[in-house]
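Engineer: I'd like to ask some things about the structure below.
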Ligand SMILES: Cc1cc2nc3c(=O)[nH]c(=O)nc-3n(C[C@H](O)[C@H](O)[C@H](O)COP(=O)(O)O)c2cc1C
């Protein structure tokens, strides 16, 4: 699938075919996409544990339920638990020096191994790593970038996915044997969409110039209609929801599983 | 299972039809457009549940899932919602229903609560 179409077609999918497992190969693609994501200091912020729904005992599955995430846990065959490793600064000194050696961080831009040791590590990263709020802020953003790549890879592989709050982190920690330094990020539920993959149409979003600016925050970024038109043709901007038949789609799906209408 | 046990009682159908919570349910779920027979079946089930849950009015069931704070602020009551889920499960068992039919019955009552702003989810039947 073309990149723009992947972006345009991604939806939070809430109806999965509970009977169709996800091939391990496709999960690997998602994880590789996460692993290829950009990251500061070339550090390993993001961790994930892939679990098949049917490999979890009923007690654990019930413990994961919370008021907003119940049906989804039953329908999705694969769960990916995402974490941020709060010890992410460990090893970054060497990783930065590796980037210096690879000329990714070149002397032309001021980089040297000495600069990494004496300035970047000693004066920036190490002191920063002692301030929890900064550490958590950075780690959350970095994990979000990884997770986003994985979400888009899922779409490209013909899968559906949705992020959910990770219910009952204590049980998750115990069952998955999560190290102390891993901080829960999100639970990603993955499977083959049972609802149409367009899931009733593209979600309502505010126009570009509501959120993005040019020059200063007082000048909205006004989109060029020709570019907008091109993005429609190329699939990044798709037909807005709700499709006229969306309510019927959801009603029929609800009846299939006896869920509230 | 519920530690709250209720005797079956009676509740006049007229009452249930006049209930604002029932009107809200029908309107929000699109049941206003359903057939007379379908609407009757929904009302009968809700009425039976109201009776089972201690002869409570539909609006009272909704209220029991909320905590009304000082100044009228409305918050979900964790205890109220949990008890309601337990009562629903007990009601389904009391009616001798299980499997898909049991799920449908329980979720029909949940639908009434959901459309009245009580966030709760049921378990889908597919196994
Ligand atoms: C970080 C994150 C957390 C989310 N958490 C939940 C959740 O706990 N439960 C849920 O039903 N949806 C959750 N969602 C899905 C959003 O509600 C979803 O983004 C929204 O429906 C907009 O649609 P879209 O993702 O299809 O564009 C989450 C999404 C993100 C990005």
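The values are calculated or read from the model by the stated rules, or taken from the named source; none is laboratory data. Note that the structure is a prediction, hence the values are computed from the model and not measured. Cβ placement follows ideal geometry from the backbone for every residue including glycine, while neighbour counts extend to all protein chains displayed.
Listed here are the residues, each with its yes/no results for (1) free of Cβ contacts under 8 Å to residues at least 40 places away in the same chain; (2) in contact with a helix residue (DSSP H, G or I) (Cβ under 8 Å, 6 or more places away or on another chain); (3) in a loop (DSSP other than H, G, I, E, B).
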{"position": "A:60", "(1), (2), (3)": "no, yes, no"}
{"position": "A:63", "(1), (2), (3)": "no, yes, no"}
{"position": "A:72", "(1), (2), (3)": "no, no, no"}
{"position": "A:90", "(1), (2), (3)": "yes, no, yes"}
{"position": "A:95", "(1), (2), (3)": "no, yes, no"}
{"position": "A:108", "(1), (2), (3)": "yes, no, no"}
{"position": "A:111", "(1), (2), (3)": "yes, yes, yes"}
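Engineer: Being assigned to a loop (DSSP other than H, G, I, E, B) and surrounded by 16 or more Cβ atoms within 10 Å (Cβ to Cβ) is the requirement here; does residue B:85 meet it?
Structural biologist: Numbers: assigned to a loop (DSSP other than H, G, I, E, B): no; surrounded by 16 or more Cβ atoms within 10 Å (Cβ to Cβ): yes.
Considered against the rule, which asks whether it is assigned to a loop (DSSP other than H, G, I, E, B) and surrounded by 16 or more Cβ atoms within 10 Å (Cβ to Cβ), residue B:85 comes out as no.
Engineer: For residue A:222, state whether it is out of contact with any strand residue (DSSP E or B) (no Cβ under 6 Å at 6 or more places or on another chain) and outside any loop (DSSP other than H, G, I, E, B).
Structural biologist: Working: out of contact with any strand residue (DSSP E or B) (no Cβ under 6 Å at 6 or more places or on another chain): yes; outside any loop (DSSP other than H, G, I, E, B): no.
When the stated conditions are applied, residue A:222 does not pass them.
Engineer: Report, by residue number, each residue of the range A:151-195 that is in a helix (DSSP H, G or I) and free of Cβ contacts under 8 Å to residues at least 24 places away in the same chain. So that I can check it myself, show each step before the final result.
Structural biologist: Quick first cut of the range A:151-195, residues in a helix (DSSP H, G or I) only: A:151-156, A:169-176.
The answer is A:169, A:170, A:173, A:174.
Engineer: Something else: Considering A:251, A:233, which residue is within 14 Å of chain B (Cβ to nearest Cβ) and out of contact with any helix residue (DSSP H, G or I) (no Cβ under 7 Å at 6 or more places or on another chain)? First the steps, then the outcome.
Structural biologist: Details: A:233 fails: within 14 Å of chain B (Cβ to nearest Cβ).
Step by step, each of A:251, A:233 is checked, and only A:251 is within 14 Å of chain B (Cβ to nearest Cβ) and out of contact with any helix residue (DSSP H, G or I) (no Cβ under 7 Å at 6 or more places or on another chain).
Engineer: Let me ask something else about it. Can you pull out the residues in the range B:95-127 that are more than 8 Å from chain A (Cβ to nearest Cβ) and touching a residue at least 24 places away in the same chain (Cβ under 8 Å)?
Structural biologist: Once the filter is applied, which keeps residues that are more than 8 Å from chain A (Cβ to nearest Cβ) and touching a residue at least 24 places away in the same chain (Cβ under 8 Å), the range B:95-127 yields B:95, B:99, B:105, B:109, B:112, B:113, B:115, B:116, B:117, B:118.
Engineer: Identify, by number, the condition in (1) in a loop (DSSP other than H, G, I, E, B); (2) under 23 Å from the mean Cα position of the chain (by Cα) that residue A:103 doesn't meet.
Structural biologist: Only one criterion is unmet by residue A:103, namely (2).
Engineer: Of all residues in the range A:145-162, count the ones that are within 10 Å of the ligand (Cβ to nearest atom) and either surrounded by fewer than 18 Cβ atoms within 10 Å (Cβ to Cβ) or farther than 23 Å from residue A:16 by Cα (or both).
Structural biologist: 1
Engineer: While we're looking at this one, here's another question. Of A:191, A:201, which residue is within 14 Å of another protein chain (Cβ to nearest Cβ), closer than 18 Å to residue A:14 by Cβ and within 16 Å of the ligand (Cβ to nearest atom)?
Structural biologist: On the way: A:201 fails: within 14 Å of another protein chain (Cβ to nearest Cβ).
Of A:191, A:201, the one residue that is within 14 Å of another protein chain (Cβ to nearest Cβ), closer than 18 Å to residue A:14 by Cβ and within 16 Å of the ligand (Cβ to nearest atom) is A:191.
Every residue, every condition in (1) under 30 Å from residue B:126 (Cα atoms); (2) modelled with pLDDT under 95; (3) surrounded by 13 or more Cβ atoms within 10 Å (Cβ to Cβ), yes or no:
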site	(1), (2), (3)
A:14	yes, no, yes
A:42	no, no, yes
A:53	yes, no, yes
A:63	yes, yes, yes
A:66	yes, yes, yes
A:96	no, no, yes
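Engineer: Restricting attention to the range A:1-52, and to residues there that are within 16 Å of the ligand (Cβ to nearest atom) and part of a loop (DSSP other than H, G, I, E, B), which single residue is farthest from residue A:230 (Cα to Cα)?
Structural biologist: By that ranking, first place goes to A:45.
Engineer: A follow-up question, please. Just for the range B:36-76: of the residues that are in a helix (DSSP H, G or I) and within 14 Å of another protein chain (Cβ to nearest Cβ), which one is surrounded by the fewest Cβ atoms within 10 Å (Cβ to Cβ)?
Structural biologist: We begin by selecting, within the range B:36-76, every residue in a helix (DSSP H, G or I); these are B:36-52, B:58-63, B:70-72.
Among the residues that remain, those that are also within 14 Å of another protein chain (Cβ to nearest Cβ) are: B:38-39, B:41-42, B:45-46, B:49.
Details: B:38: 11, B:39: 15, B:41: 13, B:42: 21, B:45: 17, B:46: 22, B:49: 25.
Residue satisfying both the conditions and the ranking: B:38.
Engineer: Which of (1) within 16 Å of the ligand (Cβ to nearest atom); (2) at pLDDT below 95; (3) farther than 22 Å from residue A:61 by Cα does residue A:168 not meet, given it meets every other one?
Structural biologist: (3)
Engineer: Which residue, of A:139, A:122, is more than 14 Å from the ligand (Cβ to nearest atom), more than 30 Å from residue A:57 (Cα to Cα) and in contact with a strand residue (DSSP E or B) (Cβ under 9 Å, 6 or more places away or on another chain)? Show your work before the answer.
Structural biologist: Numbers: A:122 fails: in contact with a strand residue (DSSP E or B) (Cβ under 9 Å, 6 or more places away or on another chain).
None of the others qualify; the one that does is A:139.
Engineer: Can you go through A:104, A:175 and tell me which one is away from the ligand (no atom under 16 Å from the Cβ), touching a helix residue (DSSP H, G or I) at 6+ places or on another chain (Cβ under 9 Å), within 27 Å of residue A:67 (Cα to Cα) and away from chain B (no Cβ under 14 Å)? Walk me through how you get there before you give the answer.
Structural biologist: Working: A:104 fails: within 27 Å of residue A:67 (Cα to Cα).
Every option except A:175 fails the conditions.
Engineer: Right, another one. In the range A:17-32, how many residues are under 13 Å from residue A:154 (Cα atoms) and either surrounded by 20 or more Cβ atoms within 10 Å (Cβ to Cβ) or within 14 Å of another protein chain (Cβ to nearest Cβ) (or both)? Steps first, answer last, please.
Structural biologist: Filtering the range A:17-32 for residues under 13 Å from residue A:154 (Cα atoms) gives A:22-32.
Narrowing further to those that are either surrounded by 20 or more Cβ atoms within 10 Å (Cβ to Cβ) or within 14 Å of another protein chain (Cβ to nearest Cβ) (or both): A:22, A:27, A:30.
Qualifying residue count for the region: 3.
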